[in-house]
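Working notes for the structure below.
The values are calculated or read from the model by the stated rules, or taken from the named source; none is laboratory data. Predicted, not measured: the structure shown is a model, and the values here were computed from it. Heads up, the Cβs are rebuilt from the backbone with ideal geometry, glycines too, and the neighbour counts pull from every protein chain shown.
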């Protein structure tokens, strides 16, 4: 193997290691939580995407509470129910503010 190519691979490995270390050391459930936090939903009416994270989950639970409905996982709702939620969500932007404990 050419010495220059080998050197390039070593440099790539050294640069990539810090970025990959947290994923390698994270507990499998933590990685699963990370993936769950990265779901994206498209809002047709407003033509935008929403990242489903803890903040969005709090807003969704508030939405259900206002309607006196039991919790159902958002991804399992019928499309029309999701559209209703996004309509509510766009008129309640206060949930976009990060609340620190």
**OP:** Show the residue pairs that are 6+ apart or on different chains and have beta-carbon atoms under 6 Å apart, the first residue being within segment 81-93 and assigned by TED's automatic domain parsing to the domain that holds residue 60, the second being surrounded by fewer than 14 Cβ atoms within 10 Å (Cβ to Cβ) and at pLDDT below 95.
**Re:** 90/46
Subject >> Residue that is nearest to residue 38 (Cα to Cα), among those in segment 73-101 that are loosely packed, with under 12 Cβ neighbours inside 10 Å, within 18 Å of the chain's Cα centre (by Cα) and at pLDDT 90 or above >> reply: 75
Original post:
If you scan segment 48-67, which residues turn out to be within 9 Å of the chain's Cα centre (by Cα) and either farther than 11 Å from residue 95 by Cα or not in a helix (DSSP H, G or I) (or both)?
Top reply: 50, 51, 52, 53
